[in-house]
């Protein structure tokens, strides 16, 4: 009965209630959506790292990571591998050799980390192959009699394997894409130019185009000027087992883009079988084993279990390899909750004010109710319920709106393109897909109810203090 | 009676509502100011750390150096230029550096390293490299000594071997690793420090000698007193070759740098690369590091340097960090925006209630002859006063907290503390004073109030007195 | 009568063959001959000067060079004073450097190999790897041109798919009379010119005609080149394999 009455009471002053409800809706919606965006960014980053870069666990010789000394191979590899695969929680494993070397093209050279892999096994553990830039090839899929290498976008640009050039083709396709004539004229001054580097290209464009033109057409021009030659050649030089220099020409099988500039600059993936002939290492000699688990939640447990079984090796999980990732996921949960609490506290003021007014304007009515014998507890509860209803209606509407919007944007994502450089350098994609867990919604619901309850305490107490006789006499 | 007095009196007619509404404004303002202070304090702390330990706020470089960091793109540094620069009001010190790449060898093993030629006394303004020398090391001999020492408790003896070969730049880190609580520290630490002490010599201008990163020294299996050989390409394609006695070991918090860094005295480094008198960069330490002061300094210095050099400021040299700061900033602003939006609704709610409650009163006033304009202005003043009340209290309380926090930052302990230490930062959450931000808060509050007032004002102007009297 | 007829018929049958003998060489043959002129000697002993030209400065290094086949080479820097006494040893795929200033013998790792040797536009890779212009390319004659007063075959060399060369193709001007490499243009896979090599000042050294001045010009850098001048050259002197040793690096004068 109280519930029905309380509900009806809420709607007695439609305008006032709507204002409160609206404020709760906006607060909840704003809060949840902001949290969803942050959460999405972080989840993406962690996923990307886990799926494309490091996976869950790395196993290597204890001294290996100090200087990546190629002599430090894993002892007794077959035994170790079978032990790992038998461990519960382990889904797949890929072995790697890692050697520092130089990559050269006709015009540029740079230091790289050459990773010898078994492509089939690699695909079971990491999804890097999914990030191949369309048109640049594939992840060792196509049969070839050459030695193949799979490199990152940043490295390809650094080595001038990917170049920016403006020639008639580019100008023509830009014309088709409706680039303004004056702009085309400016660009035709560069016709036939192949730019020395991405930096040089950007510099020239900045010099030739106005700021407005850059903002409007910069991305398009860059996209059209981007050029890549399939199966480009690159030499890799490094030291073999006997510390003698060796190397060979490799052809690019594909270029990957994972929005993490640091990783893309340094890693070159090649087939381990191609490397063996050059390094003199035997088929079963590896530097590192990368393990993927069935579930990220099993990380801690599996790490401990592996450490017990393989005491002579260094076992590192992703939280230890990249502590900043761990920090983000762990610390940030607390932050979300605090943020919602703050918003709800702000909302509480409005609710208290409203409820107070409700109580004061219904003094006569409340006085009468008490006079006819409604016990104080029920009065208190009724007021509390009204408060809770106010908050909940607003809260539910807010949550529904945010759920819809999150649902919409989670597939298309939100583009933070202008911040792209900063984002990508840090390893975050600039295109964020908001996401939020159901448990968060539940937490928010609970918090809203609590807010409703807490805000009603003061006004309800006021209502109880009313002297029925006094109240009846009020106008 | 004066409108203001009327407005003020009206406020206190419904004390509770006035207080609650201003309380909500107080809450928002307080929160906004404190959050901003913490945010700026954190940036300052984190980024200042990064900037001040490496690039500094302003650098003078050869015009082409930033795009192509080669030995050939170095500039000549002479006394005259130094005098000019130090004469600037905002410059406290000029720190010269010569950085390049070389191969370090111990004979059979060769490794690419980063060579930094520094003026050791000047670096206290910037990288404070002297503080990063390894002062304690848990070598097997030190551990043996600790185990034999009767004054040291068992649990410390058990922990010590776990950290074998670890190098420490501070006693406090050693204390942390050995899990010695602060109260026992002054009793136990002196003995432990004595057992684990590692003497470092200094490097000085004019004396050949090197400081080497801990991980690099371990890889090349070289220690203090051993010789490190450096080979590279010098100025104008000459050969750079030199051998130096290792005078000390340093430990840089970033392992990627620690395993490839070699410090040489500036003049020795210049000689190595056949670029005597040249620098790759001149970093400036400044008195005031606020944006305006820096911009001013950059402008003044630019006029004093020769044409082949240019001035760079920290934003250009730390683009990634700046993007990150911007993104953080925007994120924070959005959150505050949501907060204020919520409060704005609260104010609107209050105003609504106010208006409907006092409809009759308004009717009466107008009926007895008060001009609608006057009524409107009284209402406006009332709301403004509520806003100002909340604002004032918010500002006062927030300022008090901020001023306290600036001198007493929140110190982190435990895991979080360790993480900060990894990056070479003190584990604290810092506050910062936020001058101009107050103004924006005031503007926001006033704007909110004025917006909310629109409703009652409309009601007043459109009011039909007859209806109002019947309310 | 019969013999004369048969002799005539034999002559007639053979004559096309005879004509062929005097016919043009295949492009591959031309390249091979030029290559052998350049690299074919068993050993060489020479005194050279290398000038590095850059937009804002210039530097000249003088050195003595001993080679044996393609596998062994020893270089001793004789000027300027700061670099004098440094020596470089190449043994197959390894390169060593002796620096008397610091009395150290260092093995040069791959990272040093990709930079210019002594700061020049020659990479250490160039010196070490030396792919075969004969075997790693497909050749065709694309014309005849005069260069520096000499008539040359202009030959286009397309890098074979499997070859361990970084170039896409090369254009070479080879002197028709003496089979000297007079001019080379090296292109990358996209067909852009990356480097030009010019040979001039053809002189006779130890009975052989060779270009004694070689200019190496990178295409994408302004005002940059490396000039090698051969002051003296002797071929096929006896040089023992033990000459090309680490001990000798320190002793050689």
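The values are calculated or read from the model by the stated rules, or taken from the named source; none is laboratory data. Model, not experiment: these values are computed from the prediction. Using ideal geometry, Cβ is built from the backbone for each residue, glycine included, and neighbour counts are taken over all protein chains shown.
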Item checked: Qualifying residue in the stretch B:20-37 (condition: over 30 Å from residue A:354 (Cβ atoms) and surrounded by 18 or more Cβ atoms within 10 Å (Cβ to Cβ)) -> yes
Checklist line | Number of the exception - residue A:100 against (1) farther than 14 Å from residue A:250 by Cβ; (2) within 14 Å of chain C (Cβ to nearest Cβ); (3) surrounded by fewer than 20 Cβ atoms within 10 Å (Cβ to Cβ) | finding: (3)
Next item on the list: State the number of residues belonging to the stretch A:140-152 that are surrounded by fewer than 22 Cβ atoms within 10 Å (Cβ to Cβ) and either away from every other protein chain (no Cβ under 14 Å) or assigned to a loop (DSSP other than H, G, I, E, B) (or both).
Entry: 6
Check: Across the stretch A:181-207, what is the number of residues that are more than 10 Å from every other protein chain (Cβ to nearest Cβ) and out of contact with any helix residue (DSSP H, G or I) (no Cβ under 9 Å at 6 or more places or on another chain)?
Finding: 3
Next item on the list: Please state which of the following conditions residue A:48 fails to meet, knowing it meets all the rest: (1) in contact with a helix residue (DSSP H, G or I) (Cβ under 7 Å, 6 or more places away or on another chain); (2) buried (at least 19 other Cβ atoms within 10 Å of the Cβ).
Entry: (1)
Notebook entry, point to check: Restricting the search to the stretch A:208-235, which residues are part of a helix (DSSP H, G or I) and either within 11 Å of another protein chain (Cβ to nearest Cβ) or under 25 Å from residue A:108 (Cα atoms) (or both)?
Noted result: A:221, A:222, A:223, A:224, A:225
Next item on the list: Mind listing just one residue for me: the one in the stretch A:1-24 that is in contact with a helix residue (DSSP H, G or I) (Cβ under 7 Å, 6 or more places away or on another chain) and at the interface with chain B (Cβ under 9 Å from one of its Cβ atoms) and, of those, nearest to residue A:447 (Cα to Cα)?
Entry: A:24
Notebook entry, point to check: For the stretch B:320-340, what are the residues that are more than 30 Å from residue B:85 (Cβ to Cβ) and buried (at least 17 other Cβ atoms within 10 Å of the Cβ)?
Noted result: B:324, B:327, B:335, B:336, B:338, B:339, B:340
Next item on the list: Restricting attention to the stretch B:104-126, report how many residues are within 14 Å of another protein chain (Cβ to nearest Cβ) and outside any strand (DSSP E or B).
Entry: 4
Notebook entry, point to check: In the stretch B:308-343, what residues are more than 8 Å from chain A (Cβ to nearest Cβ), assigned to a helix (DSSP H, G or I) and touching a residue at least 24 places away in the same chain (Cβ under 8 Å)?
Noted result: B:314, B:316, B:317, B:321, B:325, B:328, B:329, B:332, B:336, B:340
Notebook entry, point to check: So how many residues does the stretch C:54-70 have that are surrounded by fewer than 18 Cβ atoms within 10 Å (Cβ to Cβ) and either within 16 Å of the chain's Cα centre (by Cα) or outside any loop (DSSP other than H, G, I, E, B) (or both)?
Noted result: 5
Note to self: Consider the stretch B:24-41. How many of its residues are under 17 Å from residue B:400 (Cβ atoms) and at the interface with chain A (Cβ under 10 Å from one of its Cβ atoms)?
What the structure shows: 4
Next item on the list: Report yes if some residue within the stretch A:122-135 is within 21 Å of residue A:228 (Cβ to Cβ), within 14 Å of chain C (Cβ to nearest Cβ) and without any contact (Cβ under 8 Å) to a residue 40 or more places away in the chain; otherwise report no.
Entry: no
Checklist line | Sole exception among (1) surrounded by fewer than 17 Cβ atoms within 10 Å (Cβ to Cβ); (2) part of a strand (DSSP E or B) for residue A:269, by number | finding: (1)
Margin query: With the structure loaded, tell me whether residue B:101 is within 14 Å of another protein chain (Cβ to nearest Cβ), assigned to a helix (DSSP H, G or I) and at pLDDT 85 or above or whether it fails that test.
Written below: no
Next item on the list: Among the helices (runs of 4 or more DSSP H) lying completely within the stretch B:1-87, list those that include at least 2 residues that are over 27 Å from residue B:350 (Cα atoms).
Entry: B:15-50, B:79-86
Next item on the list: Please work out which one of (1) crowded, with 18+ Cβ neighbours inside 10 Å; (2) at pLDDT below 80; (3) within 13 Å of another protein chain (Cβ to nearest Cβ) is the condition residue B:394 fails and give its number.
Entry: (2)
Next item on the list: Check whether at least one residue in the stretch A:236-248 is at pLDDT below 85, touching a helix residue (DSSP H, G or I) at 6+ places or on another chain (Cβ under 9 Å) and part of a helix (DSSP H, G or I), and report yes or no.
Entry: no
Note to self: Of the conditions (1) outside the structural domain of residue B:279 (by TED's automatic domain parsing); (2) surrounded by fewer than 18 Cβ atoms within 10 Å (Cβ to Cβ), residue B:164 satisfies every one except a single condition; which number is it?
What the structure shows: (1)
Note to self: Against the condition within 19 Å of residue A:154 (Cα to Cα) and modelled with pLDDT under 85, how does residue A:232 come out, does it pass?
What the structure shows: no
Checklist line | Of residues in the stretch B:345-360 being in a helix (DSSP H, G or I) and more than 8 Å from every other protein chain (Cβ to nearest Cβ), the one nearest to the chain's Cα centre (by Cα) | finding: B:347
Checklist line | Single residue of the stretch B:146-158 satisfying the filter (crowded, with 16+ Cβ neighbours inside 10 Å and part of a helix (DSSP H, G or I)) that is nearest to the chain's Cα centre (by Cα) | finding: B:156
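Here are B:317, B:383, B:379: which of them is crowded, with 19+ Cβ neighbours inside 10 Å and closer than 27 Å to residue B:40 by Cβ?
The unique qualifying residue is B:317.
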Checklist line | Residues being modelled with pLDDT under 90 and crowded, with 20+ Cβ neighbours inside 10 Å - total across the stretch B:251-274 | finding: 5
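Among the listed residues B:237, B:160, B:241, which satisfies the condition of being in contact with a helix residue (DSSP H, G or I) (Cβ under 9 Å, 6 or more places away or on another chain), within 14 Å of another protein chain (Cβ to nearest Cβ) and modelled with pLDDT under 85? Steps first, answer last, please.
Details: B:160 fails: within 14 Å of another protein chain (Cβ to nearest Cβ); B:241 fails: modelled with pLDDT under 85.
Checking each option against the conditions leaves just B:237.
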